[in-house]
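> The following block contains the structure, expressed as structure tokens.
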Number of protein chains: 6
Amino acid sequence: MNPQTRALLMQVSAATLCTVLFKRGLRNQFIQGVHPLNPARPNMVGPAFTLRYMPAREDLNPISVFNDHGHPQRQAVERCPEGAVLVMDSRKDARAASAGGILMCRLMQRGVAGAVTDGGFRDSPDIARLDFCAYHQRPSAPTNLTLHQAIDIDVPIGCGDVAVWPGDIVVGDAEGVVVIPAASAEEVAREAHEMTVFEDFVQEQVLAGRSILGLYPPTEERSRTDFAAWRQARGR
Amino acid sequence: MNPQTRALLMQVSAATLCTVLFKRGLRNQFIQGVHPLNPARPNMVGPAFTLRYMPAREDLNPISVFNDHGHPQRQAVERCPEGAVLVMDSRKDARAASAGGILMCRLMQRGVAGAVTDGGFRDSPDIARLDFCAYHQRPSAPTNLTLHQAIDIDVPIGCGDVAVWPGDIVVGDAEGVVVIPAASAEEVAREAHEMTVFEDFVQEQVLAGRSILGLYPPTEERSRTDFAAWRQARGR
Amino acid sequence: MNPQTRALLMQVSAATLCTVLFKRGLRNQFIQGVHPLNPARPNMVGPAFTLRYMPAREDLNPISVFNDHGHPQRQAVERCPEGAVLVMDSRKDARAASAGGILMCRLMQRGVAGAVTDGGFRDSPDIARLDFCAYHQRPSAPTNLTLHQAIDIDVPIGCGDVAVWPGDIVVGDAEGVVVIPAASAEEVAREAHEMTVFEDFVQEQVLAGRSILGLYPPTEERSRTDFAAWRQARGR
Amino acid sequence: MNPQTRALLMQVSAATLCTVLFKRGLRNQFIQGVHPLNPARPNMVGPAFTLRYMPAREDLNPISVFNDHGHPQRQAVERCPEGAVLVMDSRKDARAASAGGILMCRLMQRGVAGAVTDGGFRDSPDIARLDFCAYHQRPSAPTNLTLHQAIDIDVPIGCGDVAVWPGDIVVGDAEGVVVIPAASAEEVAREAHEMTVFEDFVQEQVLAGRSILGLYPPTEERSRTDFAAWRQARGR
Amino acid sequence: MNPQTRALLMQVSAATLCTVLFKRGLRNQFIQGVHPLNPARPNMVGPAFTLRYMPAREDLNPISVFNDHGHPQRQAVERCPEGAVLVMDSRKDARAASAGGILMCRLMQRGVAGAVTDGGFRDSPDIARLDFCAYHQRPSAPTNLTLHQAIDIDVPIGCGDVAVWPGDIVVGDAEGVVVIPAASAEEVAREAHEMTVFEDFVQEQVLAGRSILGLYPPTEERSRTDFAAWRQARGR
Amino acid sequence: MNPQTRALLMQVSAATLCTVLFKRGLRNQFIQGVHPLNPARPNMVGPAFTLRYMPAREDLNPISVFNDHGHPQRQAVERCPEGAVLVMDSRKDARAASAGGILMCRLMQRGVAGAVTDGGFRDSPDIARLDFCAYHQRPSAPTNLTLHQAIDIDVPIGCGDVAVWPGDIVVGDAEGVVVIPAASAEEVAREAHEMTVFEDFVQEQVLAGRSILGLYPPTEERSRTDFAAWRQARGR
């Protein structure tokens, strides 16, 4: 993806992005019910590479399926591009794992930007200590074969009730994960950057005792001139 | 599908089929949370033809998408084979419809055996009056574009937490819907038929005042000889 | 409300209304999770008159509160205008009743058009036999005082996740209930009527063996001319 | 149980009983989320006889467990006293059945008054046609061994979030099921009978056009004298 | 509020307060499903000032609504009294935010004691770092306009299934939030203080190896005399 | 329990144990929806000692019930054997507490290995600071009498949808809790230990840049010889 867009998205919040998308009529781009295993990490930014799970049927999912190098889960881990985010459709079912610590290690080692499931990860305490961004619903120790069969790679999926198309730009912060349609990512990133600068100004003013009325949004002329001056002074 | 298998499956219950599948280690073949719109109909039997929905993004799902003859929902309705069952993965979300009355009419008219969604149908009162088997979670008036985007046809899906592979044999009765793996359908049908004959005998005995102990299952020799005599007498 | 609008709305379905509203950007006007106690009744149509419940605190809700003629639940029943629909915000909690048979009788007797709760009614078998439209989530025998305190009349509320403003036009059929913003009710009714005529034509064509492609929506010229002819022939 | 108490309870509603219990400080005696398989039947009345299920472990629950005549589920069916109600704690889990048609037949044949589960029954269409009262959450075809292991008979249990002690009086109508503590059953039955007579009077008055204010509850003197006269006239 | 009451409530736990309220027949005063964004903070104590949200209708909730200085959400933030707790009824829906970081800053700066929603806050990582008590269900990045319309200020509401009346005393600790009816706050605070002293004694005894039987509650005379001595020795 | 088995189980993860159990056909041994109050603690290992709660009826559960030294909750705390794990069936209902800080102190002081509820603990911040392993769903301040009546000790129960038989070996780590049938505990512990050694090897290889294909599982001969060498070199 565009390095400038990535750089901008590293510095904005999921909340700000949601507002920018809301203004474009996209009201449902925040993946519901997931959180970062390690909330202290920097933003996760990258294009979506997807993995679709379906319910597992017992006879098709013995432990031996992993002997097949072509198993979609393992293929997803080896083929997810550097810099991309692996997004998994686990049908919001965290009763069995979507993946575990070793696969997350491999993704990290391959330069993947992060991983998201609307189910749960196993080995979650280990994953939380990796230098890697991972988001899930809750820890889940049972192997994915218990309930999930990996079936498709790089197809459009749902994750946490959000449409995820391969190539959409996925951004995660300590709050959660937002999905930006590929075509509007640059524009959204720029607008979110502008909005972040303004909100930094507002925050400072509010901490200095100013009311939000007239300031947020800046319906008073004074708010706009103050912001212009502040921005110039800060060089932002 | 094999007409003899179909004939047998028209006469057995979802409950009996679940027990036969349970004995083969398949514990999760009953589609959870769906019921027939018209419970007075005969069984629905046919191979699965599938339709996968993903969450709808607003900008991709204006009402005009149906102007495209290739739209997967409309294609599914026109391509689902005669005698097959159209099974839809609606992610168990009934807040918007999976399909409505006109599409069900068209399926009926084309000789399709039935339709199942783990979401909801709209025009449900009309559908309930058709000469057609339909199963859903609950009525849902909003157009599918509100929340569901049709994306794939005839791929493996989940429906009501059950794995559905294209070609699996789908059987519905007044209780609900069970999915039989294609490869074992004939064998399962035969065993379910045998079990049904035995349970008819048991039911008759119980109504005549006999205890279930030793009879159901027939752990007493007498139960087995009585059944043999009963079966011969009835010619079953 | 306008009698012509009412007449039109008596003849269209909740599904059709949802599509008309969807085209206007209103995607969330179908009250989720409620159904009619008696699905054989004609449509329910009328402006919303609302009642808001909040959680009941034990010390404020002994049985004696109903000795107060000013109790908001009883006031709502006596003040809901003739022809209106009493819509109750029960916070989707059906563990205790929103109201019971005697209050429904009184509403019916007063000429109220119907009642909707996103909780449950008690005496539901009796209510189902009244000449009155009532919609709820599920039967609930416990008195409302157990969990619900009536607190406000004729204020904007939520019902089944839908915004309901006093005066909005509420339409219920055998499928469920849809809420039309007051200002657009006439226009929506007219468009829904037109759409119903067209769908009657489509249904007839489909039952006669015609494909939905090109017909629904009528992307082919022939569909539009056939419809024009059909409409003229039927005088609709 | 006392035949007079039973006779009174055959004629009152679950709703009325809930109000009588509410006045005694018992706010949680209505079994949540269950309904009758056949709502056209008379009331179900009888003392509770209980069966407790726990989650099934695969190795302990092959189909062969029913060869054991001592299996608690089968014992419960053979030992539940005539006139009693078999109440099952299925942990509100209807993904597998609590029992099926043959066991319900046997209970009916043995003179048991009814059966309640907070899970689901299999063979539910057959059960609905029996001369027997049965209440559940929803139909469920999978055998109980899939998820439920019968473990205890006649112990205190929970059913639909309600405490059920063996011997409590269980009353079901078309709306649902209420549990009356054994010690207060007679008193509760008498008060519910009185309340039913009064509500019949109120219903008649309301249908004749009278306001509920002052009548229900009868805060006006006139309401009380009218009721006295009405009661005498009807001989109730 | 009474400074002594506040001082006492700063030192007791939500758990102890729930027990004191339970003894008074109030069983449902703990806000279900919320937790502090920063669990390391001191107690939050103050009278409730409320904000009610209803579902948002798309046409009434464009981003421009915040240009109106009278918008109820913004008014709530500017009018919530110093020392009060802003409690929001978000219908337990955390799919969109109830409020965000800048509004929390403003509340903090204005001397408000804390904020509670039964939905979610956006900018939650920022809020967690403020010198301010905030409680929610889970982080939620989408702007409140997506799903919530602020409609009323300082009316009785529900929050997490609890009745909250303006002026009720709200107490939050690291475990959660409890609501004390205004009229009994002083009495409850005093009793909770007494109970806390006793439980400190019990905890010390238990850590020293004493059984809870006879001690907790102090059914043995020795427990009561030991406590009296301990209390005198500690000057509590 | 066997000290060697305990020692092995102190060093393996819940995830590894789930896989070993999955291979034996046990797919449902991970307690769903619970997490440790203090995730930094070492593993919790011990045989299950159980406590069953049922729904509380108001008249049977005044605060005075704890004056009875024989109350099952208090008995459970005093009788749970040293080294065992107290597992509570709270019907997954965390709206009221399963137990609180003083009881956890007493269990810790008595040498109990830990406590698990599928509901919630009160005084959860205090419990998190104890030298004691405790697992629950979420904090819950209301006293257990509000919703839970302790009824049975040391009977088979369900906890988080898992069957727990007294004497089963319960293992908790930072991810969650797994239940091992008593009879297979030693064998499972040994296999889990072996698997842990292998996964430590795999993790090291992956961090060094090796692909998971052929390595995990070790389908390539080289993976097996490398592991043998690594193991010898590490003396494991």
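> Please tell me if A:Phe49 is within 14 Å of chain B (Cβ to nearest Cβ), among the aromatic types (Phe, Trp, Tyr) and at negative phi. Explain how you work it out, then say what you get.
On the way: within 14 Å of chain B (Cβ to nearest Cβ): no; among the aromatic types (Phe, Trp, Tyr): yes; at negative phi: yes.
Answer is no for this residue.
> Still on this structure: Look through the range C:86-96, keep the residues that are among the aliphatic types (A, V, I, L, M) and part of a loop (DSSP other than H, G, I, E, B), and return whichever of them is farthest from C:Asp168 (Cα to Cα). Give the derivation first.
In the first step, residues of the range C:86-96 are kept if they are among the aliphatic types (A, V, I, L, M); the result is C:86-88, C:94, C:96.
Still in the running and part of a loop (DSSP other than H, G, I, E, B): C:94, C:96.
Working: C:Ala94: 24, C:Ala96: 27 Å.
By that ranking, first place goes to C:Ala96.
> A further question on this structure: With the requirement that a residue be acidic (Asp, Glu) and either within 10 Å of chain E (Cβ to nearest Cβ) or without any contact (Cβ under 8 Å) to a residue 24 or more places away in the chain (or both), what does the range A:156-177 give you?
Taking the range A:156-177 and keeping what is acidic (Asp, Glu), we get A:161, A:168, A:173, A:175.
Scanning the range A:156-177 gives A:Asp161, A:Asp173, A:Glu175.
> To continue, here is another question. If you go through the range F:128-144 one residue at a time, how many are buried (at least 24 other Cβ atoms within 10 Å of the Cβ) and either of a type in the set (Gly, Ala, Ser) or touching a residue at least 60 places away in the same chain (Cβ under 8 Å) (or both)? Show your work before the answer.
Initially, the range F:128-144 is screened for residues buried (at least 24 other Cβ atoms within 10 Å of the Cβ), giving F:133-136, F:139-144.
Going one step further and asking which of them are either of a type in the set (Gly, Ala, Ser) or touching a residue at least 60 places away in the same chain (Cβ under 8 Å) (or both), we end up with F:133-136, F:140-141, F:143-144.
The number of residues fulfilling the criteria is 8.
> May I pose another question? F:Val77 passes all but one of (1) buried (at least 24 other Cβ atoms within 10 Å of the Cβ); (2) under 23 Å from E:His35 (Cβ atoms); (3) of a type outside the set (D, E, K, R); which number fails?
Among (1) buried (at least 24 other Cβ atoms within 10 Å of the Cβ); (2) under 23 Å from E:His35 (Cβ atoms); (3) of a type outside the set (D, E, K, R), F:Val77 violates only (2).
> Restricting to the range C:72-93, name every residue that is within 13 Å of C:Leu147 (Cβ to Cβ) and out of contact with any Phe, Trp or Tyr (no Cβ under 9 Å at 6 or more places or on another chain).
Passing the criteria: only C:Lys92.
> Still on this structure: Could you tell me how many of the residues in the range D:118-136 are outside any strand (DSSP E or B) and more than 11 Å from chain B (Cβ to nearest Cβ)? Write out each step before concluding.
So the first thing to find is which residues in the range D:118-136 are outside any strand (DSSP E or B), and the list is D:118-119, D:122-132.
From what is left, the residues that are more than 11 Å from chain B (Cβ to nearest Cβ) are D:118-119, D:132.
Total meeting the criteria: 3.
> Residue pairs, Cβ under 8 Å, 6 or more apart or interchain, first in the range E:197-210 and within 14 Å of E:Gln232 (Cα to Cα), second buried (at least 16 other Cβ atoms within 10 Å of the Cβ). List them.
E:Phe198/E:Pro218; E:Phe198/E:Phe227; E:Phe201/E:Asp226; E:Phe201/E:Phe227; E:Phe201/E:Trp230
> Within the range C:186-223, track down each residue that is away from chain B (no Cβ under 13 Å) and over 30 Å from the mean Cα position of the chain (by Cα). Don't jump to the end; show me each part of the working.
Start the filter on the range C:186-223 by keeping residues that are away from chain B (no Cβ under 13 Å), which leaves C:186-190, C:193-194, C:197, C:221-222.
Answer for the range C:186-223, where residues must be away from chain B (no Cβ under 13 Å) and over 30 Å from the mean Cα position of the chain (by Cα): C:Glu221, C:Arg222.
> So, one more: Any residue in the range F:21-40 that is over 16 Å from F:Ala183 (Cα atoms) sitting within a Cβ distance under 6 Å of a residue that is among the aromatic types (Phe, Trp, Tyr)? List the pairs, counting only those 6 or more apart or interchain.
Short answer, once both residue conditions are applied: F:Val34/F:Tyr135; F:Pro36/F:Tyr135.
> How many residues does the range E:97-117 hold that are closer than 20 Å to E:Gln149 by Cα, part of a strand (DSSP E or B) and more than 9 Å from chain A (Cβ to nearest Cβ)?
5
> Okay, next question. So, in the range C:122-175, exactly how many residues are among the small types (Gly, Ala, Ser) and more than 20 Å from the chain's Cα centre (by Cα)?
First, the residues of the range C:122-175 that are among the small types (Gly, Ala, Ser): C:124, C:128, C:134, C:140-141, C:150, C:158, C:160, C:163, C:167, C:172, C:174.
If we keep only those that are more than 20 Å from the chain's Cα centre (by Cα) too, we end up with C:141, C:150.
Number of matching residues: 2.
> Hey, another quick one. Kindly indicate whether A:His148 is surrounded by 24 or more Cβ atoms within 10 Å (Cβ to Cβ) and under 23 Å from E:Ser124 (Cβ atoms).
Details: surrounded by 24 or more Cβ atoms within 10 Å (Cβ to Cβ): yes; under 23 Å from E:Ser124 (Cβ atoms): no.
No: the conditions fail for A:His148.
> What is the residue count in the range D:80-101 for residues that are buried (at least 24 other Cβ atoms within 10 Å of the Cβ) and of a type in the set (D, E, K, R)?
Going through the range D:80-101 one residue at a time, the tally reaches 1.
> Take the residues in the range D:1-41 that are out of contact with any strand residue (DSSP E or B) (no Cβ under 6 Å at 6 or more places or on another chain) and among the small types (Gly, Ala, Ser), then tell me which one is farthest from the other protein chains (Cβ to nearest Cβ).
Within the range D:1-41, the match that is farthest from the other protein chains (Cβ to nearest Cβ) is D:Ala7.
> Moving on. Just wondering, is there one or more residues in the range E:102-121 that are among the small types (Gly, Ala, Ser), surrounded by fewer than 24 Cβ atoms within 10 Å (Cβ to Cβ) and touching an Asp or Glu at 6+ places or on another chain (Cβ under 8 Å)? Break it down stepwise before answering.
Step one: of the range E:102-121, the residues among the small types (Gly, Ala, Ser) are E:111, E:113-115, E:119-120.
So of that shortlist, the ones also surrounded by fewer than 24 Cβ atoms within 10 Å (Cβ to Cβ) come out as E:111.
Next, only the ones that are touching an Asp or Glu at 6+ places or on another chain (Cβ under 8 Å) stay: E:111.
Checking the range E:102-121: at least one residue is among the small types (Gly, Ala, Ser), surrounded by fewer than 24 Cβ atoms within 10 Å (Cβ to Cβ) and touching an Asp or Glu at 6+ places or on another chain (Cβ under 8 Å).
Listed here are the residues, each with its yes/no results for (1) more than 20 Å from A:Ala163 (Cβ to Cβ); (2) not assigned by TED's automatic domain parsing to the domain that holds A:Ser140.
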{"site": "A:Gln4", "(1), (2)": "yes, yes"}
{"site": "A:Met10", "(1), (2)": "yes, yes"}
{"site": "A:Phe22", "(1), (2)": "no, yes"}
{"site": "A:Gly25", "(1), (2)": "no, yes"}
{"site": "A:Met44", "(1), (2)": "no, no"}
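> Could you tell me whether the range C:148-155 includes any residue that is within 29 Å of D:Val178 (Cβ to Cβ) and more than 10 Å from every other protein chain (Cβ to nearest Cβ)?
The initial filter retains those residues of the range C:148-155 that are within 29 Å of D:Val178 (Cβ to Cβ), namely C:148-151.
Okay, now just the ones that are also more than 10 Å from every other protein chain (Cβ to nearest Cβ), so C:150.
Yes: the range C:148-155 contains one or more residues that are within 29 Å of D:Val178 (Cβ to Cβ) and more than 10 Å from every other protein chain (Cβ to nearest Cβ).
> For the range D:60-70, check the following and say yes or no: at least one residue is closer than 25 Å to F:Ala163 by Cα, away from every other protein chain (no Cβ under 11 Å) and touching a residue at least 60 places away in the same chain (Cβ under 8 Å). Break it down into steps so the answer makes sense when it comes.
Within the range D:60-70, the subset closer than 25 Å to F:Ala163 by Cα is D:60-70.
Checking which are away from every other protein chain (no Cβ under 11 Å) leaves us with none.
So far as the range D:60-70 goes, no, none of its residues is closer than 25 Å to F:Ala163 by Cα, away from every other protein chain (no Cβ under 11 Å) and touching a residue at least 60 places away in the same chain (Cβ under 8 Å).
> Please find, within the range C:211-236, the residue that is surrounded by the most Cβ atoms within 10 Å (Cβ to Cβ) out of those that are in contact with a His (Cβ under 9 Å, 6 or more places away or on another chain) and under 24 Å from B:Val112 (Cα atoms). It would help to see each step written out before you state the result.
Filtering the range C:211-236 down to residues in contact with a His (Cβ under 9 Å, 6 or more places away or on another chain) leaves C:213-214, C:219.
Of the ones still in play, those that are also under 24 Å from B:Val112 (Cα atoms) are C:213-214.
Numbers: C:Leu213: 19, C:Gly214: 15.
It comes out as C:Leu213.
> So for the range A:71-92 (the condition being modelled with pLDDT of 95 or more, out of contact with any Pro (no Cβ under 8 Å at 6 or more places or on another chain) and within 14 Å of chain E (Cβ to nearest Cβ)), does at least one residue qualify?
Taking every residue of the range A:71-92 in turn, at least one turns out to be modelled with pLDDT of 95 or more, out of contact with any Pro (no Cβ under 8 Å at 6 or more places or on another chain) and within 14 Å of chain E (Cβ to nearest Cβ).
> So is E:Ile180 more than 8 Å from every other protein chain (Cβ to nearest Cβ), surrounded by 23 or more Cβ atoms within 10 Å (Cβ to Cβ) and either out of contact with any Phe, Trp or Tyr (no Cβ under 7 Å at 6 or more places or on another chain) or basic (Lys, Arg) (or both) or not?
Details: more than 8 Å from every other protein chain (Cβ to nearest Cβ): yes; surrounded by 23 or more Cβ atoms within 10 Å (Cβ to Cβ): yes; either out of contact with any Phe, Trp or Tyr (no Cβ under 7 Å at 6 or more places or on another chain) or basic (Lys, Arg) (or both): yes.
Here the answer is yes, as E:Ile180 does meet what is asked.
The values are calculated or read from the model by the stated rules, or taken from the named source; none is laboratory data. This one's a predicted model, so the numbers in the text were calculated from it and none came from an experiment. Positions of Cβ are backbone-derived with ideal geometry, glycine not excepted, and every protein chain shown enters the neighbour counts.
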